[in-house]
Amino acid sequence: MKTLIVLLAIAVGSCTLSQAQNTGNISAQVTNLTSAEGEVLFALYTADKFMKQEPDFSGKASITDGRAKVVFENVPAGTYAVVVLHDKNGNGRMDFDSSGMPMESFGTSGSNFQYGPPSWAEAKFDYEGGQKEVEIRL
């Protein structure tokens, strides 16, 4: 019986250690901002929420020397996409002109799309835990 308890304790400890190793931080950074107006909004999505629901993680950053950066902490391993908006007027959302074109710069991880909404297939990346850096160009 004591052996069973010891084996069970080792198994639980191993699972906990394994889970702890499969989380970490994702740093997302924009490096090509041409204006220091407003702030930059960052969103980290999984496939089921991508561009449809509130993101799994979010953050915002001020702009310094054409750069803005956030760190998403305690992110479990998985497949994600980062969406970034340069919110020049600070209203917390993307603004559009009368023809429906965005008036503020935006971008995603792994994609430099020109027209239309971002696609999950182009923006996604695999994350195995630990530390990861993602650079987004607007």
Open item on the list: I'd like to verify a number: residues in the stretch 60-78 that are surrounded by fewer than 19 Cβ atoms within 10 Å (Cβ to Cβ) and over 17 Å from LEU138 (Cα atoms), how many?
Closed with: 6
Task: Enumeration of residues in the stretch 83-112 that are in a loop (DSSP other than H, G, I, E, B) and under 19 Å from VAL134 (Cβ atoms) - done: SER105, SER109, GLY110, ASN112
Open item on the list: Exactly one condition in (1) more than 19 Å from VAL30 (Cβ to Cβ); (2) loosely packed, with under 13 Cβ neighbours inside 10 Å; (3) free of Cβ contacts under 8 Å to residues at least 24 places away in the same chain; (4) under 17 Å from the mean Cα position of the chain (by Cα) is false for MET101; which is it?
Closed with: (4)
Open item on the list: I'm told ASP95 meets every condition in (1) in contact (Cβ under 8 Å) with a residue 12 or more places away in the chain; (2) surrounded by 11 or more Cβ atoms within 10 Å (Cβ to Cβ); (3) over 13 Å from SER27 (Cα atoms) except one. Can you identify the failing condition by its number?
Closed with: (1)
Task: Unique residue being among the aromatic types (Phe, Trp, Tyr), over 12 Å from LEU41 (Cβ atoms) and part of a strand (DSSP E or B) when the list is TYR115, TYR80 - done: TYR80
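FYI, it's all coordinate maths here, none of it is from the lab. Because the structure is a prediction, the values reported are computed rather than measured. Because the Cβ atoms are built from the backbone with ideal geometry, glycine has one as well, and the counts that use them run over all protein chains shown.
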